[in-house]
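A short worksheet on the structure shown next.
The values are calculated or read from the model by the stated rules, or taken from the named source; none is laboratory data. The shown structure was predicted, so the numbers you read here are calculated from the model rather than taken from an experiment. Glycine gets a Cβ as well: all are built from the backbone with ideal geometry, and neighbour counts include every protein chain shown. These area figures cover heavy atoms from the full protein model, side chains too; ligands, DNA and RNA do not enter into them. Shrake-Rupley method; radii C 1.70, N 1.55, O 1.52, S 1.80 Å.
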Amino acid sequence: MFPATFATLKVNSGVTALFGSNPCRIYPHGEAPQGVTLPYATQHLVGGQPENYLCDNADMDVARVQFDVYAATASSARAGAAAIRAALEGMGYLVSFNSDGRDPDTNRARYSFDMVFHTAR
């Protein structure tokens with residue numbers, strides 16, 4: 001139900017090179033602190049379901065997680081998204097490119113995508 005995305009990202013050298021390591025600027029629930037250093041990313045669960053079986057309880061959940069990368073430039077936002085994708089592709093699958101442009105609230109470059117993860121219960 002809760003894929004270990006942050007645990008994987010915070011120890012990946014490609015990710016920490018862009019988002020730092022103490023702290024790693026990838027925040028849960030789609031919320032980042034006010035005035036956070038760029039670039040940063042947010043992640044939040046946008047959907048999912050258990051694997052259902054007719055004769056037994058579900059032994060696996062499927063979670064869809066949205067990642068939003070914010071940066072000063074479009075190329076920096078894309079680089080951050082690529083680093084997150086590369087770090088997590090062994091765990092899950094990229095299923096949606098959502099947006100690539102300026103965030104209307106912050107006017108920062110933003111790149112958004114979704115990945116799906118299968119996690120054992």
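Among the candidates 16, 42, single out the residue that is at pLDDT 95 or above, surrounded by 15 or more Cβ atoms within 10 Å (Cβ to Cβ), assigned to a strand (DSSP E or B) and not aliphatic (A, V, I, L, M).
42
Taking the stretch 48-70 on its own, how many of its residues are open to solvent by less than 70 Å² (accessible area, probe 1.4 Å), of a type outside the set (A, V, I, L, M, F, W, C), part of a strand (DSSP E or B) and at negative phi?
Final tally of qualifying residues: 5.
Against the condition touching a strand residue (DSSP E or B) at 6+ places or on another chain (Cβ under 9 Å), more than 27 Å from residue 120 (Cα to Cα), loosely packed, with under 15 Cβ neighbours inside 10 Å and not charged (D, E, K, R), how does residue 36 come out, does it pass? Break it down stepwise before answering.
Details: touching a strand residue (DSSP E or B) at 6+ places or on another chain (Cβ under 9 Å): yes; more than 27 Å from residue 120 (Cα to Cα): yes; loosely packed, with under 15 Cβ neighbours inside 10 Å: yes; not charged (D, E, K, R): yes.
Taking the combined requirement at face value, the residue satisfies it.
So residue 68 ticks every box in (1) closer than 13 Å to residue 114 by Cα; (2) among the acidic types (Asp, Glu); (3) without any contact (Cβ under 8 Å) to a residue 12 or more places away in the chain but one. Which box is left unticked?
In the conditions (1) closer than 13 Å to residue 114 by Cα; (2) among the acidic types (Asp, Glu); (3) without any contact (Cβ under 8 Å) to a residue 12 or more places away in the chain, residue 68 misses (3) alone.
Among residues belonging to the stretch 71-114 that are of a type in the set (S, T, N, Q) and outside any strand (DSSP E or B), point out the one that is surrounded by the fewest Cβ atoms within 10 Å (Cβ to Cβ). Full working, then the answer.
If we filter the stretch 71-114 for residues that are of a type in the set (S, T, N, Q), which is where we start, we get 73, 75-76, 96, 98-99, 106-107, 112.
When the remaining residues are screened for being outside any strand (DSSP E or B), the result is 73, 75-76, 106-107.
Details: 73: 12, 75: 11, 76: 18, 106: 11, 107: 8.
So, considering only residues that are of a type in the set (S, T, N, Q) and outside any strand (DSSP E or B), the one surrounded by the fewest Cβ atoms within 10 Å (Cβ to Cβ) is 107.
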